[in-house]
Amino acid sequence: MSHLITGIGELVTQDDDDRVLPDAALVLDGPTIAWIGPASSAPACDSATDVGGRAVLPGWVDSHSHLVFDGDRSAEFAARMAGQAYAAGGIAVTVGATRTADDERLRQLVRQRVAVAMSQGTTTLETKTGYGLDVEHELRSARIAAGEVDEVTFLGAHLVPSAVDGITADDYVRLVCGPMLEAVRPHVQWADVFCERGAFTEEQSREVLLAARRAGLGLRVHGNQLGPGPGVRLAVELGAASVDHVNFLDDDDVDVLAASWSDPSRDGTVATVLPACDLSTRAPLAPARRLLDAGVPVALASNCNPGTSYTSSMAFCVATAVLQMHLTVAEAVRAATWGGALALGRHTGPGAVGSLTVGHRADLHVLEAPSMTHLAYRPGMPLTHSVWRAGQPVPS
Ligand code: NIG
């Protein structure tokens, strides 16, 4: 069944030529984009939708979130706004609440969070485990996540649960690299590690990432969030698809990231910036402008989690990236669509996401506005008109 989308105010393709087309039309064939071109030469289709002069973008690709959790940390947030610094120790509070939730409650919580994200234009979501931190609860988190989102990342190495379980760091790393990894392996595509003072050292992080690589998983790293450190260099050394947060970078970090893209035969490491987290922790904003200027591909993601970034609004992230990180609107939208897809290795091939390209998945975000500029021009306004995922309208 072919379906024609007409009346498009501005078609933001994010395809190879990065085109923004006026007077364009789009044909969907089942779950796939079948044709893109001038509205005047659109082929006859079985059915049609006129979007009334609104802008059409690829759906957001949110490549960093932590949706599998229960519990509330608003008191910790309030204390932070009153001057307390963010410390990773708050993760243990969420671990306690998450372990207590029964399976059905946890599944419903994740499902609701995914539905909220989709209603705001997110059509591809990565989410992480990391609030279970023992074999039983990491496995449960991975299994639940796999039923609800596109890409699942094993983050057993989020924090050593010494306060909860009395386990030493060395024993915990052995557990993560052995029985925990083996248990979650069938449910996840990626492994991640929080490589930071107060979480995992460079050596511990390397051990976890190498074990994950041996198990056939792709790699991601939480790096350089709370201070300068080895996270970025480790991510590049091990060929991670993405290093996320990147608030504290020196010249060498930026050079190493840029150099990872110098071999055209393989992808390097994407820098994923998380502006909502930066604001919520009052951290220095990640230097997205500097990274782009150095030739490093940047992804923009929500980092939705109960501790540092309790929002799944990619539009908020785009507006912040423009207004505070000095990206243009086009750069920010690209980072939140194509950039996220690149960070997840889903930017090319059949069923790819993050751009409006013939053969890719038909994921559309129709704005309640004639152009993408409105995303930053009218920050905080409800600018999602409708969402299509794999060729089907998402119920609002
Ligand atoms: O990405 N940095 C580590 N992990 C999360 C925070 C988790 C929490 O505080 O609950 C993050 O910001």
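The values are calculated or read from the model by the stated rules, or taken from the named source; none is laboratory data. Computed from a predicted structure; not experimentally measured. Note that we place each Cβ from the backbone using ideal geometry, even for glycine, and neighbour counts take in every protein chain shown.
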> Is it the case that some residue within segment 324-344 is under 15 Å from the mean Cα position of the chain (by Cα), assigned to a loop (DSSP other than H, G, I, E, B) and crowded, with 20+ Cβ neighbours inside 10 Å?
Replying inline: yes
>> Tell me whether segment 112-126 contains one or more residues that are outside any loop (DSSP other than H, G, I, E, B), surrounded by 15 or more Cβ atoms within 10 Å (Cβ to Cβ), modelled with pLDDT under 95 and within 15 Å of the ligand (Cβ to nearest atom).
In response: no
>> Residues to consider are 86, 131; find the one that is surrounded by fewer than 24 Cβ atoms within 10 Å (Cβ to Cβ) and within 13 Å of the ligand (Cβ to nearest atom).
In response: 86
>> Can you list the strands (runs of 3 or more DSSP E) lying wholly within segment 28-76 that have 2 or more residues being farther than 27 Å from residue 94 by Cα?
In response: 32-38, 47-58
> Which residues, counting only those in segment 93-108, are surrounded by fewer than 18 Cβ atoms within 10 Å (Cβ to Cβ) and either within 10 Å of the ligand (Cβ to nearest atom) or farther than 20 Å from residue 134 by Cα (or both)?
Replying inline: 108
>> Please go through segment 299-315 and give me each residue that is free of Cβ contacts under 8 Å to residues at least 60 places away in the same chain and within 10 Å of the ligand (Cβ to nearest atom), ordered by number.
In response: 309
